[in-house]
Amino acid sequence: MTAQTAATPINAGSADDTLVIRGLRVAPIADREHEILQGIDLDVGKGEVHAIMGPNGSGKTTLAYALMGHPSYVVTGGEVHWKGRDILKLSPDKRSRLGMFLAFQYPTAIPGLSVASFIRSALNAKLLGIDKTGDVDPTDPQKGGISMRDFRNKMREKMAILKMDEGIAARYVNEGFSGGEKKRLEMLQMAVLEPEIAILDETDSGLDIDALRIVAEGVNAMLNPDLGVLLITHYQRLLNYITPDQVHVLAQGRIIKSGGKDLALRLEDEGYGPILREAGLSPDAPDEALLVPQAPVGADPEPVEAAR
(Lines give C-alpha, C1' and ligand atoms only; values in the text may rest on other atoms or scores of the structure.)
Protein backbone atom coordinates (compact mmCIF):
# COMPACT_ATOMS: atom_id res chain seq x y z
CA MET A 1 0.00 0.00 0.00
CA THR A 2 1.45 3.35 -0.98
CA ALA A 3 1.28 6.80 0.47
CA GLN A 4 -1.95 8.50 -0.50
CA THR A 5 -2.46 11.85 -2.14
CA ALA A 6 -4.35 14.63 -0.43
CA ALA A 7 -7.14 14.26 -2.98
CA THR A 8 -8.00 10.77 -1.74
CA PRO A 9 -11.17 10.97 0.41
CA ILE A 10 -10.98 9.84 4.00
CA ASN A 11 -13.61 7.16 3.54
CA ALA A 12 -11.71 5.45 0.73
CA GLY A 13 -9.55 3.46 3.14
CA SER A 14 -11.39 3.84 6.41
CA ALA A 15 -12.05 0.14 7.02
CA ASP A 16 -11.51 -1.10 10.56
CA ASP A 17 -8.24 -2.74 9.56
CA THR A 18 -6.50 0.43 8.29
CA LEU A 19 -5.02 3.48 9.99
CA VAL A 20 -5.90 6.31 7.61
CA ILE A 21 -3.94 9.58 7.75
CA ARG A 22 -5.02 12.48 5.53
CA GLY A 23 -3.49 15.93 5.28
CA LEU A 24 -2.01 15.76 8.79
CA ARG A 25 -0.42 19.05 9.81
CA VAL A 26 1.27 19.39 13.20
CA ALA A 27 3.06 22.17 15.09
CA PRO A 28 4.70 22.36 18.51
CA ILE A 29 2.24 23.79 20.99
CA ALA A 30 4.85 26.40 21.99
CA ASP A 31 5.05 27.73 18.41
CA ARG A 32 1.82 27.03 16.54
CA GLU A 33 2.95 29.06 13.53
CA HIS A 34 5.83 26.67 12.86
CA GLU A 35 4.33 23.54 11.31
CA ILE A 36 6.68 20.57 11.48
CA LEU A 37 4.35 18.26 9.53
CA GLN A 38 2.86 19.93 6.48
CA GLY A 39 0.37 17.43 5.10
CA ILE A 40 1.00 13.72 5.71
CA ASP A 41 -1.08 11.22 3.72
CA LEU A 42 -0.60 7.56 4.58
CA ASP A 43 -2.50 4.29 5.00
CA VAL A 44 -1.15 1.59 7.32
CA GLY A 45 -3.15 -1.64 7.20
CA LYS A 46 -3.10 -4.60 9.53
CA GLY A 47 -0.49 -7.13 8.52
CA GLU A 48 1.70 -4.43 6.93
CA VAL A 49 5.05 -2.96 7.93
CA HIS A 50 5.65 0.64 6.82
CA ALA A 51 9.07 2.19 7.40
CA ILE A 52 9.48 5.95 7.72
CA MET A 53 12.98 7.28 6.99
CA GLY A 54 14.24 10.83 6.65
CA PRO A 55 16.96 13.33 7.52
CA ASN A 56 17.29 14.75 11.02
CA GLY A 57 14.58 17.30 11.74
CA SER A 58 12.22 16.02 9.05
CA GLY A 59 9.37 15.30 11.50
CA LYS A 60 9.59 11.55 12.08
CA THR A 61 9.21 11.65 15.86
CA THR A 62 6.63 14.44 15.57
CA LEU A 63 4.50 12.08 13.46
CA ALA A 64 4.74 9.34 16.09
CA TYR A 65 3.88 11.69 18.95
CA ALA A 66 1.02 13.37 17.09
CA LEU A 67 -0.59 10.01 16.30
CA MET A 68 -0.58 9.13 20.01
CA GLY A 69 -1.68 12.56 21.27
CA HIS A 70 1.49 13.93 22.87
CA PRO A 71 0.57 17.18 24.70
CA SER A 72 3.60 19.07 23.35
CA TYR A 73 2.13 19.06 19.83
CA VAL A 74 -1.02 20.49 18.32
CA VAL A 75 -2.74 19.22 15.17
CA THR A 76 -3.36 22.21 12.91
CA GLY A 77 -5.08 20.31 10.11
CA GLY A 78 -6.02 16.94 8.69
CA GLU A 79 -7.68 13.76 9.89
CA VAL A 80 -6.60 10.41 11.32
CA HIS A 81 -9.11 7.54 11.43
CA TRP A 82 -8.79 4.08 12.97
CA LYS A 83 -11.57 1.57 13.55
CA GLY A 84 -14.15 4.07 12.34
CA ARG A 85 -13.14 6.74 14.87
CA ASP A 86 -11.42 10.09 14.49
CA ILE A 87 -8.56 9.40 16.87
CA LEU A 88 -7.52 13.06 16.97
CA LYS A 89 -10.56 13.61 19.18
CA LEU A 90 -9.46 10.90 21.63
CA SER A 91 -7.13 11.19 24.63
CA PRO A 92 -3.86 9.21 24.50
CA ASP A 93 -5.20 6.51 26.84
CA LYS A 94 -8.27 6.00 24.64
CA ARG A 95 -6.07 5.66 21.56
CA SER A 96 -4.18 2.95 23.44
CA ARG A 97 -7.42 1.22 24.46
CA LEU A 98 -8.36 1.27 20.78
CA GLY A 99 -5.34 -0.90 20.01
CA MET A 100 -2.59 1.65 19.28
CA PHE A 101 0.87 1.48 20.82
CA LEU A 102 3.95 3.72 20.82
CA ALA A 103 7.46 2.50 21.59
CA PHE A 104 9.53 5.50 22.64
CA GLN A 105 12.94 6.39 21.30
CA TYR A 106 13.95 7.54 24.79
CA PRO A 107 11.92 5.58 27.38
CA THR A 108 11.43 7.29 30.73
CA ALA A 109 12.40 5.79 34.09
CA ILE A 110 9.64 5.49 36.72
CA PRO A 111 11.26 4.93 40.14
CA GLY A 112 9.13 3.00 42.62
CA LEU A 113 6.95 1.26 40.01
CA SER A 114 7.84 -2.33 39.14
CA VAL A 115 7.81 -3.56 35.56
CA ALA A 116 5.23 -6.26 36.38
CA SER A 117 2.85 -3.81 38.08
CA PHE A 118 3.24 -1.29 35.26
CA ILE A 119 2.49 -3.77 32.49
CA ARG A 120 -0.37 -5.43 34.37
CA SER A 121 -1.98 -2.05 35.00
CA ALA A 122 -1.67 -1.17 31.31
CA LEU A 123 -3.14 -4.54 30.31
CA ASN A 124 -6.07 -4.15 32.71
CA ALA A 125 -6.76 -0.68 31.32
CA LYS A 126 -6.79 -2.00 27.78
CA LEU A 127 -9.06 -4.91 28.71
CA LEU A 128 -11.65 -2.41 29.98
CA GLY A 129 -12.04 -1.13 26.41
CA ILE A 130 -12.40 2.40 25.16
CA ASP A 131 -16.02 2.84 26.25
CA LYS A 132 -15.70 1.13 29.68
CA THR A 133 -19.21 -0.33 29.56
CA GLY A 134 -18.84 -2.25 32.81
CA ASP A 135 -19.28 -5.59 31.08
CA VAL A 136 -15.58 -6.33 31.57
CA ASP A 137 -13.85 -6.63 34.93
CA PRO A 138 -10.09 -6.98 34.23
CA THR A 139 -9.56 -8.49 37.69
CA ASP A 140 -12.12 -11.26 37.07
CA PRO A 141 -11.21 -13.96 34.51
CA GLN A 142 -14.92 -14.82 34.27
CA LYS A 143 -15.65 -11.29 33.02
CA GLY A 144 -12.95 -10.91 30.39
CA GLY A 145 -10.05 -10.28 32.77
CA ILE A 146 -6.77 -12.11 33.19
CA SER A 147 -5.78 -14.06 36.28
CA MET A 148 -2.49 -13.38 38.02
CA ARG A 149 -1.27 -16.85 37.05
CA ASP A 150 -2.10 -16.32 33.39
CA PHE A 151 -0.48 -12.89 33.46
CA ARG A 152 2.73 -14.30 34.95
CA ASN A 153 2.81 -17.07 32.36
CA LYS A 154 2.30 -14.56 29.57
CA MET A 155 5.09 -12.37 30.90
CA ARG A 156 7.46 -15.35 31.09
CA GLU A 157 6.59 -16.39 27.54
CA LYS A 158 7.21 -12.92 26.11
CA MET A 159 10.40 -12.37 28.12
CA ALA A 160 11.78 -15.63 26.75
CA ILE A 161 11.16 -14.42 23.19
CA LEU A 162 13.05 -11.21 23.94
CA LYS A 163 15.82 -13.03 25.83
CA MET A 164 15.08 -11.06 29.01
CA ASP A 165 15.91 -12.23 32.53
CA GLU A 166 12.71 -12.87 34.47
CA GLY A 167 14.15 -10.85 37.35
CA ILE A 168 13.54 -7.69 35.34
CA ALA A 169 9.83 -7.94 36.23
CA ALA A 170 10.61 -6.91 39.82
CA ARG A 171 12.84 -3.97 38.88
CA TYR A 172 11.57 -0.41 38.67
CA VAL A 173 10.59 0.70 35.17
CA ASN A 174 13.75 1.66 33.24
CA GLU A 175 15.61 2.68 36.42
CA GLY A 176 19.27 1.79 35.93
CA PHE A 177 18.47 0.01 32.65
CA SER A 178 20.97 -0.09 29.79
CA GLY A 179 19.89 1.22 26.39
CA GLY A 180 19.26 -2.31 25.17
CA GLU A 181 17.22 -3.21 28.26
CA LYS A 182 15.04 -0.14 27.81
CA LYS A 183 14.27 -1.01 24.21
CA ARG A 184 13.57 -4.64 25.07
CA LEU A 185 11.18 -3.46 27.80
CA GLU A 186 9.33 -1.41 25.17
CA MET A 187 9.03 -4.58 23.09
CA LEU A 188 7.88 -6.55 26.14
CA GLN A 189 5.06 -4.06 26.69
CA MET A 190 4.10 -4.41 23.05
CA ALA A 191 4.18 -8.20 23.24
CA VAL A 192 1.95 -8.36 26.31
CA LEU A 193 -0.51 -5.65 25.23
CA GLU A 194 -0.83 -7.10 21.69
CA PRO A 195 -1.74 -3.87 19.87
CA GLU A 196 -3.17 -3.74 16.37
CA ILE A 197 -1.19 -0.65 15.32
CA ALA A 198 2.36 -0.34 16.67
CA ILE A 199 4.37 2.83 16.14
CA LEU A 200 8.05 2.16 16.80
CA ASP A 201 9.97 5.42 17.15
CA GLU A 202 13.63 4.71 16.32
CA THR A 203 13.65 1.51 18.35
CA ASP A 204 17.11 0.82 16.90
CA SER A 205 18.59 4.06 18.27
CA GLY A 206 21.49 3.50 20.66
CA LEU A 207 21.62 -0.28 20.27
CA ASP A 208 24.68 -2.36 19.58
CA ILE A 209 24.34 -5.09 16.96
CA ASP A 210 23.48 -7.87 19.44
CA ALA A 211 20.70 -5.84 21.07
CA LEU A 212 19.46 -4.78 17.64
CA ARG A 213 19.12 -8.39 16.55
CA ILE A 214 17.26 -9.37 19.72
CA VAL A 215 14.83 -6.49 19.39
CA ALA A 216 14.31 -7.23 15.69
CA GLU A 217 13.70 -10.91 16.41
CA GLY A 218 11.14 -9.88 19.03
CA VAL A 219 9.32 -7.62 16.57
CA ASN A 220 9.37 -10.30 13.89
CA ALA A 221 7.93 -12.84 16.34
CA MET A 222 5.00 -10.48 16.94
CA LEU A 223 4.21 -9.77 13.30
CA ASN A 224 0.85 -11.22 12.31
CA PRO A 225 -2.14 -10.41 10.07
CA ASP A 226 -3.76 -8.43 12.92
CA LEU A 227 -0.81 -6.08 13.51
CA GLY A 228 0.14 -3.06 11.46
CA VAL A 229 3.56 -1.50 12.13
CA LEU A 230 4.79 2.03 11.48
CA LEU A 231 8.54 1.68 11.88
CA ILE A 232 10.40 4.98 12.22
CA THR A 233 14.11 4.41 11.76
CA HIS A 234 17.30 6.37 11.28
CA TYR A 235 19.27 3.36 10.03
CA GLN A 236 18.66 1.36 6.87
CA ARG A 237 20.32 -1.50 8.75
CA LEU A 238 17.20 -2.30 10.76
CA LEU A 239 15.35 -3.02 7.51
CA ASN A 240 17.73 -5.92 6.88
CA TYR A 241 16.23 -7.50 9.99
CA ILE A 242 12.59 -6.40 9.70
CA THR A 243 11.39 -6.54 6.11
CA PRO A 244 9.11 -3.59 5.24
CA ASP A 245 6.22 -3.73 2.81
CA GLN A 246 6.66 -0.04 2.09
CA VAL A 247 9.39 2.54 2.73
CA HIS A 248 8.48 6.23 2.89
CA VAL A 249 10.90 9.15 2.84
CA LEU A 250 9.81 12.03 5.07
CA ALA A 251 11.46 15.38 4.42
CA GLN A 252 10.53 18.94 5.28
CA GLY A 253 7.29 17.83 6.84
CA ARG A 254 5.84 15.64 4.11
CA ILE A 255 6.30 12.27 2.45
CA ILE A 256 8.22 12.93 -0.75
CA LYS A 257 8.73 9.37 -2.00
CA SER A 258 7.43 5.85 -1.31
CA GLY A 259 8.65 2.49 -2.51
CA GLY A 260 9.73 -0.98 -1.47
CA LYS A 261 12.86 -2.13 0.32
CA ASP A 262 14.89 -1.14 -2.73
CA LEU A 263 14.23 2.48 -1.79
CA ALA A 264 15.93 1.94 1.58
CA LEU A 265 18.92 0.35 -0.18
CA ARG A 266 19.13 3.35 -2.50
CA LEU A 267 19.13 5.67 0.50
CA GLU A 268 21.98 3.69 2.03
CA ASP A 269 24.00 4.06 -1.17
CA GLU A 270 23.15 7.66 -2.09
CA GLY A 271 21.81 9.36 1.03
CA TYR A 272 18.80 11.67 0.96
CA GLY A 273 20.27 14.36 -1.32
CA PRO A 274 19.29 12.91 -4.72
CA ILE A 275 15.72 12.10 -3.62
CA LEU A 276 15.30 15.57 -2.12
CA ARG A 277 16.37 17.12 -5.41
CA GLU A 278 14.05 14.83 -7.40
CA ALA A 279 11.19 16.11 -5.23
CA GLY A 280 12.09 19.69 -6.08
CA LEU A 281 13.59 20.41 -2.67
CA SER A 282 16.92 22.15 -2.35
CA PRO A 283 18.56 21.00 0.88
CA ASP A 284 20.74 23.50 2.68
CA ALA A 285 22.96 20.74 4.03
CA PRO A 286 25.66 19.18 1.82
CA ASP A 287 25.19 15.61 0.65
CA GLU A 288 27.70 14.38 3.24
CA ALA A 289 25.36 15.57 6.00
CA LEU A 290 22.43 13.77 4.38
CA LEU A 291 23.95 10.30 4.36
CA VAL A 292 22.01 7.53 6.12
CA PRO A 293 23.89 6.51 9.31
CA GLN A 294 25.69 3.21 8.95
CA ALA A 295 25.31 0.10 11.10
CA PRO A 296 27.51 -0.55 14.14
CA VAL A 297 31.04 -1.72 13.37
CA GLY A 298 31.27 -5.49 13.01
CA ALA A 299 27.59 -5.94 12.27
CA ASP A 300 26.55 -9.33 10.99
CA PRO A 301 25.24 -8.91 7.42
CA GLU A 302 22.88 -11.85 7.64
CA PRO A 303 19.25 -10.69 7.94
CA VAL A 304 16.76 -12.11 10.40
CA GLU A 305 13.86 -13.73 8.59
CA ALA A 306 10.52 -12.20 9.51
CA ALA A 307 8.06 -14.69 10.99
CA ARG A 308 5.11 -13.45 8.98
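The values are calculated or read from the model by the stated rules, or taken from the named source; none is laboratory data. Everything numeric in this text was worked out from a predicted model, so none of it was measured. All Cβ positions, glycine included, derive from the backbone under ideal geometry; neighbour counts span all protein chains shown. Note: areas computed on protein heavy atoms with side chains; ligands, DNA, RNA excluded. Shrake-Rupley method; radii C 1.70, N 1.55, O 1.52, S 1.80 Å.
Quick notes on this one:
- Number of the exception - residue 110 against (1) open to solvent by 50 Å² or more (accessible area, probe 1.4 Å); (2) within 30 Å of residue 35 (Cβ to Cβ); (3) not basic (Lys, Arg): (2)
- Among the conditions (1) within 13 Å of the chain's Cα centre (by Cα); (2) assigned to a helix (DSSP H, G or I); (3) over 23 Å from residue 122 (Cβ atoms), residue 237 misses just one, which is (1).
- Only residues that are closer than 26 Å to residue 231 by Cα and open to solvent by less than 70 Å² (accessible area, probe 1.4 Å) were counted across region 138-159, and they come to 4.
- Residues (in contact with a Leu (Cβ under 7 Å, 6 or more places away or on another chain), modelled with pLDDT under 90 and small (Gly, Ala, Ser)) located in region 163-209: 179, 180
- Hits in region 179-196 (condition: open to solvent by less than 20 Å² (accessible area, probe 1.4 Å), outside any loop (DSSP other than H, G, I, E, B) and under 18 Å from residue 119 (Cα atoms)): 183, 185, 186, 187, 188, 190, 191, 192
- Check on residue 197, more than 21 Å from residue 237 (Cβ to Cβ) and under 19 Å from the mean Cα position of the chain (by Cα): yes
- Every test in (1) touching a helix residue (DSSP H, G or I) at 6+ places or on another chain (Cβ under 6 Å); (2) part of a loop (DSSP other than H, G, I, E, B); (3) farther than 25 Å from residue 63 by Cα is passed by residue 176 save one, and that test is (1).
- All positions within region 65-95 that are in a helix (DSSP H, G or I), touching a residue at least 40 places away in the same chain (Cβ under 8 Å) and either farther than 16 Å from residue 24 by Cα or open to solvent by less than 20 Å² (accessible area, probe 1.4 Å) (or both): 66, 67
- Search result, residues across region 213-239 that are closer than 30 Å to residue 285 by Cα, touching a Lys or Arg at 6+ places or on another chain (Cβ under 9 Å) and either aliphatic (A, V, I, L, M) or open to solvent by 10 Å² or more (accessible area, probe 1.4 Å) (or both): 232, 234, 239
- Checking residue 164 against (1) more than 25 Å from residue 117 (Cβ to Cβ); (2) surrounded by 20 or more Cβ atoms within 10 Å (Cβ to Cβ); (3) out of contact with any strand residue (DSSP E or B) (no Cβ under 8 Å at 6 or more places or on another chain), the condition it does not meet: (1)
- Residue 160 among the small types (Gly, Ala, Ser), within 19 Å of the chain's Cα centre (by Cα) and modelled with pLDDT of 90 or more: no
- The set of residues from region 272-282 being out of contact with any strand residue (DSSP E or B) (no Cβ under 8 Å at 6 or more places or on another chain), surrounded by fewer than 18 Cβ atoms within 10 Å (Cβ to Cβ) and not basic (Lys, Arg) comprises 274, 280, 282.
- Of all residues in region 246-262, those satisfying the criterion of being open to solvent by less than 10 Å² (accessible area, probe 1.4 Å) and at pLDDT below 95 are 251, 253.
- Note on region 40-64: residues that are crowded, with 17+ Cβ neighbours inside 10 Å and more than 19 Å from residue 196 (Cβ to Cβ) amount to 10.
- Residues in region 261-295 that are part of a loop (DSSP other than H, G, I, E, B), free of Cβ contacts under 8 Å to residues at least 40 places away in the same chain and more than 12 Å from residue 53 (Cα to Cα): 6 in all.
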